[in-house]
1. Return the residue satisfying two criteria in turn: it lies in the range 88-108 and is more than 22 Å from Glu74 (Cα to Cα) and outside any helix (DSSP H, G or I), and of such residues it is least open to solvent (accessible area, probe 1.4 Å).
2. Look at the range 85-118 and say how many of its residues are in contact with a Phe, Trp or Tyr (Cβ under 9 Å, 6 or more places away or on another chain) and more than 21 Å from Tyr37 (Cβ to Cβ).
3. Being open to solvent by less than 60 Å² (accessible area, probe 1.4 Å) and touching an Asp or Glu at 6+ places or on another chain (Cβ under 6 Å) is the filter; apply it to the range 115-140 and report the residue that is modelled with the highest pLDDT.
4. With respect to Lys48, is the statement that it is at pLDDT 90 or above, over 24 Å from Pro133 (Cβ atoms), of a type in the set (Lys, Arg) and within 16 Å of the chain's Cα centre (by Cα) true?
5. Pull out all pairs, ordered by first then second residue, where Cβ-Cβ is under 8 Å, the residues are six or more apart or on different chains, the first lies in the range 77-105 and is among the small types (Gly, Ala, Ser), and the second is surrounded by 20 or more Cβ atoms within 10 Å (Cβ to Cβ) and part of a helix (DSSP H, G or I).
6. Name the residues in the range 1-32 that are loosely packed, with under 12 Cβ neighbours inside 10 Å, free of Cβ contacts under 8 Å to residues at least 40 places away in the same chain and farther than 21 Å from Glu91 by Cβ, would you?
7. Does Gln35 fit the bill of being modelled with pLDDT under 90, within 15 Å of the chain's Cα centre (by Cα), among the polar types (S, T, N, Q) and exposed (fewer than 15 other Cβ atoms within 10 Å of the Cβ)?
Amino acid sequence: CTVEHLVRKAKSLGDALYIDQLTFVEPSPGSERKQRYQQVGDSLHELKALIGSGRRMPCIMAHQINRDGVKAAEKTGHLEMYHLAESAEVERTADRVYGLWQSDSLRDVGRAWVQTLAARRSALVHWEIIWRPFIGQIEGRGQITLPDAA
């Protein structure tokens, strides 16, 4: 699925676009021979232009944490923007970037953290949530302050 196809279909079906994983989006036409980070950048810029023109459309897109990012987050106890795969391109393009983090201890008690990893013109705010999607329970618990890096 190309960005253009996803946006066109979303505009015909509703008023928001949800993309389940950036890495599954096909590269923009003409960028097939570029490096992966350049393809991601091209796709993100095309997406932002398409959802921002005409009838504006909000978009939520899932993206993965890179392997090194997972290891680093396990040590510090939270995510950082640079833990995302192709993080520079995502940060340059997205208006807000959120991360969902669940350490082993949070998993044991059915909790997770929703972290703001990047935001244009606003502070980074984080929340603890009850995270038991396997029984349909996802609810906010309140705002939190992240632990300092060790």
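1. Once the filter is applied, the top-ranked residue is Ala94.
2. Final tally of qualifying residues: 13.
3. My answer is Ile130.
4. Working: at pLDDT 90 or above: yes; over 24 Å from Pro133 (Cβ atoms): yes; of a type in the set (Lys, Arg): yes; within 16 Å of the chain's Cα centre (by Cα): yes.
Against the criterion (at pLDDT 90 or above, over 24 Å from Pro133 (Cβ atoms), of a type in the set (Lys, Arg) and within 16 Å of the chain's Cα centre (by Cα)), Lys48 qualifies.
5. Ala94/Leu44; Gly99/His83
6. Within the range 1-32, Cys1, His5, Ser12, Leu13, Gly14, Pro29, Gly30, Glu32 meet the criteria.
7. no
Results for (1) at positive phi; (2) touching an Asp or Glu at 6+ places or on another chain (Cβ under 7 Å), shown as yes or no for each residue.
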| site | (1), (2) |
| --- | --- |
| Ser43 | no, no |
| Leu50 | no, yes |
| Gly54 | yes, no |
| Arg67 | no, no |
| Lys71 | no, no |
| Tyr82 | no, no |
| Asp95 | no, no |
| Leu106 | no, no |
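The values are calculated or read from the model by the stated rules, or taken from the named source; none is laboratory data. As the structure is a computational prediction, the values presented were derived from the model and not from experiment. Every residue, glycine among them, receives a Cβ derived from its backbone with ideal geometry; neighbour counts consider all protein chains shown. Only protein heavy atoms, including side chains, enter the accessible area calculation; ligands, DNA and RNA are left aside. Shrake-Rupley method; radii C 1.70, N 1.55, O 1.52, S 1.80 Å.
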